[in-house]
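Asker: Input: one structure, supplied below.
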């Protein structure tokens, strides 16, 4: 009988993983690579095609633009390593993702997230003995499924931190510190998280070595710090030897320039934690998305003297982290459905949820409390599926745009800004793609392209000029959030056809409700 139960339990667990796979597939992974994930995919491509010999990012238009003046990538996505242009994103992510790219190309990369999902769910099942029901509710009751839909490091990062907290709870501080250290190879928030957990553990143990009850050598704080320090030292040495940077190129990309003002940081903190409207977009914060986190952590904080040292460490560490990182985050994260910079708060909140789950499982007559607990669990689950629905709608629009651009059959694509360039799907590596924000640069560039790419078709694309009003342009210039898009005046539509016709005898204007599109070629006029 027990073996039958185990088989059913395993089948339920595997069914949950299969459902996650189908969710990724349903959100059109072939058009999921936008913004940072686009650069990460190119980085993965570079590793495979150089046989791990070089990190240099491919730039098909380099023969046209040898100085990379029109590189179609935001400046905070790349840096220089000698003469090579490389990604600032963690090399470990790209390395681990290479099998997925090798097997299925760009559209296989979002499935890399299943590795982190599997580890996260397996830890809950194996080490915490959680039921499949709890595992499903805990997973979909966070915004981790939303983060799962794009190629990124988030799911693996969160899974590693859950492993760290699990080892800490099991009184294995060395391994807890090692796993916390491993997390920083993916995201720098791991440093803040480790610091918060270490400080919380030190408080919970009574401040060893000053405490008479806990000797330093037996202190979990000391062991955690030792394990973390070892991995952190390896991380620093690697980055210094490889990139001449102690914390890696991503750190300098995020913090190399002057940060935003304190007033903006306050606005960010409100948005990160609760709810805010920034740049005409409503931002759903951590506690709004997961209201249980606020109530559950609040109850345990109120009873902090009554709970065990292990639970106290996790609760205090979670609170310290959640209220610290909003003031340290380099930007808003660009995704309004759950703050990605607070994703490290998901593992401790999941464990707090598990403790309350077990508490209510033992109670038989507290119907009112159980109902309230059920509502708190249901809210983020509903939020997750609403978010996935919104994501599906945006991906459908992305697919339409990608199809539109692909059907232009242009060999060279010249975009006005990065926000449009990301709509080209998998065409980036098979075409010459350039970004030219200043209209004055178009004429000499078009002349160069017509000479280098003789007889081939070119397309120029920007967001429709009338949609980029002076008011919107000024807002984006002043915005602490959108610092890479729409900073320059749009091309003047009336000038573009004549500029193209100087080098291409046939020029067509393509009708589109959202874009200004011009196509130039050397053939006879033909309707696209």
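Asker: Within segment 222-231, does at least one residue satisfy the condition of being within 29 Å of residue 143 (Cβ to Cβ), touching a residue at least 12 places away in the same chain (Cβ under 8 Å), assigned by TED's automatic domain parsing to the domain that holds residue 130 and surrounded by fewer than 23 Cβ atoms within 10 Å (Cβ to Cβ)?
Answerer: yes
Asker: A further question follows. Testing residue 208 on (1) crowded, with 24+ Cβ neighbours inside 10 Å; (2) under 19 Å from residue 320 (Cβ atoms), one condition comes back false. Which one is that?
Answerer: Here residue 208 meets the rest and fails (1).
Asker: How about segment 283-298: which of its residues are out of contact with any strand residue (DSSP E or B) (no Cβ under 7 Å at 6 or more places or on another chain) and either touching a residue at least 40 places away in the same chain (Cβ under 8 Å) or assigned to a loop (DSSP other than H, G, I, E, B) (or both)?
Answerer: 286, 289, 290, 291, 292, 293, 295, 296, 297
Asker: Does segment 74-87 contain any residue that is touching a helix residue (DSSP H, G or I) at 6+ places or on another chain (Cβ under 8 Å), in a helix (DSSP H, G or I) and surrounded by 17 or more Cβ atoms within 10 Å (Cβ to Cβ)?
Answerer: Within segment 74-87 (the criterion being touching a helix residue (DSSP H, G or I) at 6+ places or on another chain (Cβ under 8 Å), in a helix (DSSP H, G or I) and surrounded by 17 or more Cβ atoms within 10 Å (Cβ to Cβ)), the answer is yes, since at least one residue qualifies.
Asker: If you don't mind, another one. Within segment 56-72, can one find any residue that is surrounded by 21 or more Cβ atoms within 10 Å (Cβ to Cβ), in a helix (DSSP H, G or I) and out of contact with any strand residue (DSSP E or B) (no Cβ under 6 Å at 6 or more places or on another chain)?
Answerer: Within segment 56-72 (the criterion being surrounded by 21 or more Cβ atoms within 10 Å (Cβ to Cβ), in a helix (DSSP H, G or I) and out of contact with any strand residue (DSSP E or B) (no Cβ under 6 Å at 6 or more places or on another chain)), the answer is no, since none of the residues qualifies.
Asker: Taking residue 191, is it assigned by TED's automatic domain parsing to the domain that holds residue 230, part of a helix (DSSP H, G or I) and free of Cβ contacts under 8 Å to residues at least 60 places away in the same chain?
Answerer: Working: assigned by TED's automatic domain parsing to the domain that holds residue 230: yes; part of a helix (DSSP H, G or I): yes; free of Cβ contacts under 8 Å to residues at least 60 places away in the same chain: yes.
In short, yes.
Each row is one residue, and each column tells you yes or no for (1) modelled with pLDDT of 90 or more; (2) part of a helix (DSSP H, G or I); (3) surrounded by fewer than 20 Cβ atoms within 10 Å (Cβ to Cβ).
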| site | (1), (2), (3) |
| --- | --- |
| 423 | no, yes, no |
| 433 | yes, no, no |
| 437 | yes, no, yes |
| 440 | yes, yes, yes |
| 451 | yes, yes, yes |
| 466 | no, yes, yes |
| 472 | no, yes, yes |
| 484 | no, no, yes |
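Asker: With the condition kept exactly as written, say whether any residue in segment 326-336 is part of a helix (DSSP H, G or I) and either crowded, with 17+ Cβ neighbours inside 10 Å or more than 18 Å from the chain's Cα centre (by Cα) (or both).
Answerer: The answer is yes; a qualifying residue exists.
Asker: Scan segment 299-314 residue by residue and report those that are assigned to a helix (DSSP H, G or I) and either touching a helix residue (DSSP H, G or I) at 6+ places or on another chain (Cβ under 8 Å) or closer than 11 Å to residue 352 by Cβ (or both).
Answerer: Those that are assigned to a helix (DSSP H, G or I) and either touching a helix residue (DSSP H, G or I) at 6+ places or on another chain (Cβ under 8 Å) or closer than 11 Å to residue 352 by Cβ (or both): 299, 300, 301, 309, 310, 311, 312, 313, 314.
Asker: Can you tell me which residues in segment 125-144 are assigned to a helix (DSSP H, G or I), touching a helix residue (DSSP H, G or I) at 6+ places or on another chain (Cβ under 9 Å) and surrounded by fewer than 24 Cβ atoms within 10 Å (Cβ to Cβ)?
Answerer: Listed by number, the residues that qualify are 125, 132, 133, 134, 135, 136, 137, 139, 140.
Asker: May I pose another question? Could you check how many residues of segment 88-109 are in contact with a strand residue (DSSP E or B) (Cβ under 9 Å, 6 or more places away or on another chain) and free of Cβ contacts under 8 Å to residues at least 60 places away in the same chain?
Answerer: 1
Asker: Can you tell me which residues in segment 347-366 are touching a helix residue (DSSP H, G or I) at 6+ places or on another chain (Cβ under 9 Å) and either under 23 Å from residue 277 (Cα atoms) or assigned to a loop (DSSP other than H, G, I, E, B) (or both)?
Answerer: 363, 366
Conditions (1) modelled with pLDDT of 90 or more; (2) crowded, with 17+ Cβ neighbours inside 10 Å; (3) within 12 Å of residue 338 (Cα to Cα), marked per residue:
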residue: 263; (1), (2), (3): no, no, no
residue: 267; (1), (2), (3): no, yes, no
residue: 279; (1), (2), (3): no, no, no
residue: 282; (1), (2), (3): no, no, yes
residue: 285; (1), (2), (3): yes, yes, yes
residue: 292; (1), (2), (3): yes, yes, no
residue: 296; (1), (2), (3): yes, yes, no
residue: 302; (1), (2), (3): yes, no, no
residue: 305; (1), (2), (3): yes, no, no
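The values are calculated or read from the model by the stated rules, or taken from the named source; none is laboratory data. Being a predicted model, the structure only gives us computed values, none of them experimental. Positions of Cβ are generated from backbone atoms using ideal geometry, with glycine treated the same way; all protein chains shown enter the neighbour counts.
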